[in-house]
Amino acid sequence: MTEKTDDKVSRNMLAKTIAGEIALAEDPGASMKKWRVILAIKQKDLALDLDMWPSVISDYESGRRCPGVSFVKKYTQALVKSDRESRGMLEKLLAPKRSEAVLDIREFLKPVSCEELIRRVKGKVLTKKENAGSDIYGYTVIDSIKAILELTDKDFSQIYGMNSQRALIFTKVHLGRSPMIAVKVTHPKPSMVVFHGLGPGEVDKLAVKIAEAENISLVVSLAATEEELIEGLRKIEG
């Protein structure tokens, strides 16, 4: 069966987006690795697609080799091809339109620890230690009231920006049950969810149970205002 022209154009655009970020990054190797990790593509599988040893991929990602334009192009094309043949996550992650419910959104060029993000939002963790998430590669700040009124299921899946390994930060939260139910029924899942607008003792117990069942770190931000919350996030170096 012949591939649809629209699908081919879409994949080319995705490859250009990733390649552009890698080319402009201060640490191209770290940016390359970031995308491979986000898409859950194993180094050995990518090396097979590129017809080279995994150690060569490792050299580029660790900075021992400097990637040229030609290699960056081949690398990103292999990422997009592999993603299309497996989970097809990229099309879901690259949102074509930003909703007014999204107050702020950012992608990190290098991984940021959960501890750093929690510190920046003046957060208190509500879930167990075994639910601690992995490194964070971005965040989205969402007005929970506007999200309930405006976002469809498809819109909600697009708030993940360019990767799902991120923190979803909900403001104007009353109990926390609705945001966690929305997270539970959509894919992909974030690494962390942050509530702002209520105290740790006011969070609905069901919200905490859902977070633990989905292996998501649930945090309450004690920042005084939304402005302070966003300002703290923007100070993260990543």
I'd like the FRET efficiency for Ser134 and Ala23, computed as 1/(1 + (r/R0)^6) with the beta carbon distance as r and R0 of 25 Å, rounded to 0.05. 0.45
How far is it, in nm, from the label point at Asp59 to the one at Ser86 when both lie 7 Å from their Cα along the line to the Cβ? 2.4
Say a paramagnetic label sat at a point 7 Å from the Cα of Leu175, along Cα to Cβ; which residues of the stretch 197-238 have their backbone N under 14 Å from it? 202-210
Nonlocal amide H pairs with Leu103, under 5 Å, H built at 1.01 Å: Val141, Ile142, Asp143
Enumerate the calculated ³J(HN,Hα) couplings along the stretch 164-181 in order (Karplus 6.51 cos²θ - 1.76 cosθ + 1.60, θ = phi - 60°), each rounded to whole Hz, writing x wherever the residue is Gly or Pro. 8, 7, 9, 9, 9, 10, 9, 9, 6, 7, 9, 10, x, 5, 4, x, 6, 5
Here the stretch 231-236 yields Karplus 3J(HN,Hα) values (6.51, -1.76, 1.60; θ = phi - 60°; whole Hz; Gly and Pro given as x) of 4, x, 5, 6, 7, 5
Length released on extending from Leu198 to Asp49, taking residue separation times 0.36 nm less the Cα-Cα span: 48.8 nm
Can you sort Ser58, Ser86 so the residue with the fewest Cβ neighbours within 10 Å comes first? Ser86, Ser58
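Please compute the length gained on full extension between Asn12 and Glu231, using 0.36 nm multiplied by the number of residues separating them and subtracting their Cα-Cα distance.
Values: separation 219, 0.36 × 219 = 78.84 nm, distance 3.49 nm.
Gain on stretching Asn12 to Glu231: 75.4 nm.
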For the stretch 193-208, what does the Karplus curve 6.51 cos²θ - 1.76 cosθ + 1.60, with θ = phi - 60°, yield as ³J(HN,Hα) per residue in whole Hz, taken in order and with x for Gly and Pro? 10, 10, 9, 10, x, 8, x, x, x, 9, 6, 4, 4, 5, 4, 5
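Each value in this text was obtained by applying a stated rule to the coordinates, not by laboratory testing. Please read these numbers as outputs of a predicted model, since none were measured by experiment. Cβ sites come from the backbone with ideal geometry, for glycine too, and all protein chains shown count toward neighbours.
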